[in-house]
Structure formats: structure tokens, C-alpha cells
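Written out below as C-alpha cells is the structure these notes cover.
Bear in mind that the values in this text are calculations on the coordinates, not laboratory data. From a predicted model like this one, the values you see are computed outputs, not experimental measurements. Virtual Cβ from ideal backbone geometry, glycine too; neighbours counted across all protein chains shown.
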Amino acid sequence: MDYSTLYSQCALCPNNCSVNRNAGQTGRCAQTSEIRVAWSGLHRGEEPPVTGEKGSGMIFFCGCPLHCQYCQNYQISQRGWDGVALTETELADLMLELQAFGAASINLVTGTHYIPSIINALIDAKARGLALPVVWNSSGYESVEALRLIDPYIDLYLIDVKTLSCDVASRFCGLSAYAKAIVPVMRFLRRRHPVTDLEHGLKGTLVRHLVFPGCINATVDFLKWYADNLNDCCLLSLMVQFVPPKEDPGFPKISKAEYDMLLDLVDELGIDGFVQETSDNEILWIPDFRRDQPFPEGFADPLPFFLNIKESKSQS
Ligand code: SF4
């Protein structure tokens, strides 16, 4: 199949913009079909099984179909940070270089709008010896049809279920449609990946849910839904590293009592997975992609191959 034709009338995500990205048009994700990567390297801030010993092999793509007002990666998702343009062959090279650099996994961050190119790169990299588990790290805002195409190449889904409330989705994600669109995606993953077993390799679905301050009831509703629908086939990662919106830095923080109540509910519902510690230093988690090393000291190692390609393309 010629996957690149999927860019011609783009419906890779539920925004269904129908633009011709092969002809340079852009939709809500603001990207043509040219692959743009913001950063690549090893990162040790992911959930322990994904991180492994040396770190997960991250590939951060530029652009995003969602416009979450709290996005930690807003420089690359919404601020038009260009990153480095790569061909599909160079993207496959990047994956192989991450493997040689000691990565525990290939971690594709927000690749929704590049699914056709990523499939081609994965086919190429696997033919040339890529043996690492491949992690699809996304908002979950993909069309089920697009997900079905890339699914055979993915081992572990690290997928957000941000909220099931249209009001909360509208307020935090800029799109009420997210709350409805995530449900068929999770239904699809449930059918395709009925077991998550991180002790014997990275397989299955790890659901990430970030608690939004001031919306504890939305998290309570989500946890109950998760327990009824996903608990037997997924693991949960409950996160609390909310970054206040830039235009509203005084946004209320979730209190310890509220978080403790949620943790009690997780126990009560028999939900298995990971929970994040509360911290006063959320600011530390915000990467600065203008730097070669965007993350806090000790958390990440840039991939020399990526820095070299970035340097050589900036000079040409
Ligand atoms: S990936 Fe989504 S947001 Fe981007 S052009 Fe396609 S349908 Fe629109």
C-alpha cells in the first residue's frame, strides 16, 4: 500500500481536515507531509519498564492535532518550532541509531499526523535490524482507521485518556470532540491488545491520565469508567504533573488531600499500574527544545546522530 496517499485528503485524526498535505497544505496540526522531528535521544523520565536501564529512545515529532493549553511540549506542538526535516530513510536511520545507543525502546511521541511516514520508516528499520519494542506515545486522538494501519508495527501503547467530559476537553484540550473520540480508540485497543504484560516485554496498553486541577470529579468519573472497561486489559499511569497554562500561571494546584482521595479510589477499584508522586517542582518537567539537551540534568542523553543531522541541515 502507498501510505503517502493518506496525506492527500488528510483524515489521520478525528479533526478530518481533508487538506492535501502532500501539496503543502496544512490542517489543525500545522504540518505538511514533510516529517519534522524536534528532538531525539534517551530519556529516563518514562514509566520504569519503558525507560529500562539507559532510557527510552525518544523521537519527538513537531506539531499536534490537539491544542492542549497545559501542554508541556507547547514549543514543538503549538509554537511552530520547526525541528529538523527528515526523510523516511533518515527516520529509519534514527531508530537504528537509538538502538545502537542503548535505548530500551523506540518511543514515538505525538506521531499521529505522521502515521504514513512512520509506518514506512518502521518497515525499513525493521528490515535493517531494528529489534526494539516500539512504543506509540500519543494523545489517543487518532482516527481508528489510521491506528489500525500502524497497529501491526506497535508493541506498547502509551496512550492518554485525558477526559471523558466534553466540558473538560473543551477547557483543557481546546476541543470538546476529544472526549467522544477517545472511546472508540480505546475500544479498538481493547480488542487488539487484550493483555498488558510489562514484566515479559513491552506489550499491550498503558493508559496515562493526568489529573486536571479543579476537575477532580472528571477524574473520579474516568477512574470508574476505566475500572469497568479497561482494567482487565490495560495498566494505568496516574499523573499529577500539571503545568499551569502560560496565560494563567496562578492556576489552582491539586491538593494533597484531593490526590490522596484519588489514590484511595484507585485502590478501592482494584486498578493496577503506576502513580506519580506529587511535587512542587512541576516547572522542572517542562522541556526547552531550543537546547540540544531540553530536559533536566541526568534525565536524558541527546542522540549524537540527531545533533549531527540537525547541525548539517542547519548549515545547508
Ligand atoms: S492529522 Fe488531523 S489535524 Fe492534521 S491535517 Fe490530518 S486531520 Fe487535520
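When DSSP beta bridges are restricted to pairs lying wholly in the chain, around 30% turn out antiparallel. With neighbour counts taken as other beta-carbon atoms within 10 Å, the residues Tyr114, Tyr226, Tyr153 rank, fewest first, as Tyr153, Tyr226, Tyr114. Could you state the angle between the C-alpha long axis of helix 216-229 and the longest principal axis of the C-alpha atoms of the chain, as a value from 0 to 90 degrees rounded to the nearest 10? Helix 216-229 sits roughly 80 degrees off the main axis of the chain. Sorted fewest first by neighbouring Cβ atoms within 10 angstrom, His200, His209 come out as His200, His209. Once the Cα-Cα distance is subtracted from the 0.36 nm per residue extended length, the Asp151 to Ala85 segment shows a gain of 21.3 nm. Its DSSP H runs of at least 4 residues, each contributing -39,500 (n - 2.57), put the calculated 222 nm mean residue ellipticity of the chain at -10000 deg cm²/dmol, to the nearest 500. On full extension, the segment bounded by Gln315 and Phe251 gains 18.9 nm, given 0.36 nm per residue less the C-alpha separation. Taking the DSSP beta bridges with both ends in the range 13-118, the antiparallel portion is around 70 percent. Principal-axis analysis of the Cα atoms of the chain puts helix 115-127 at an angle of about 70° to the longest axis.
Helix 256-268 and the longest principal axis of the Cα set of the chain meet at an angle near 90°. Counting charges near Cys233 (Lys, Arg +1; Asp, Glu -1) among other residues having Cβ under 13 Å from its Cβ returns a value of +1.
Counting charges near Ser170 (Lys, Arg +1; Asp, Glu -1) among other residues having Cβ under 12 Å from its Cβ returns a value of +2. Only the Cβ atoms of Lys and Arg (+1) and of Asp and Glu (-1) were treated as charged; on that basis the dipole of the chain about its Cα centre amounts to roughly 880 debye. Placing R0 at 22 angstrom, the Cβ-Cβ distance between Arg187 and Val220 gives a FRET efficiency of 0.55 after rounding to 0.05.
Other residues lying with their Cβ under 10 Å from the Cβ of Pro65 contribute a combined charge of 0, Lys and Arg counting +1, Asp and Glu -1. When the chain is described by a simple charge dipole with +1 on each Lys and Arg Cβ and -1 on each Asp and Glu Cβ, the residue from Gly214, Thr278, Pro152 located farthest towards its positive end is Pro152. When GluC sites (Glu not before Pro) are flagged only if DSSP places them in a loop and at most 12 other Cβ atoms lie within 10 Å, the longest unflagged stretch of the chain comes out as 54-246.
Taking all C-alpha pairs of the range 38-315, those more than 33 Å from each other amount to 17 percent. When each of Ile286, Ile150, Ile106 is scored by the number of other beta-carbon atoms lying within 10 Å, the sequence from fewest to most is Ile286, Ile150, Ile106. Taking amide H as placed 1.01 Å from N in the peptide plane, the amide H of Val275 sits under 5 Å from that of Leu238, each at least 5 places away or on another chain.
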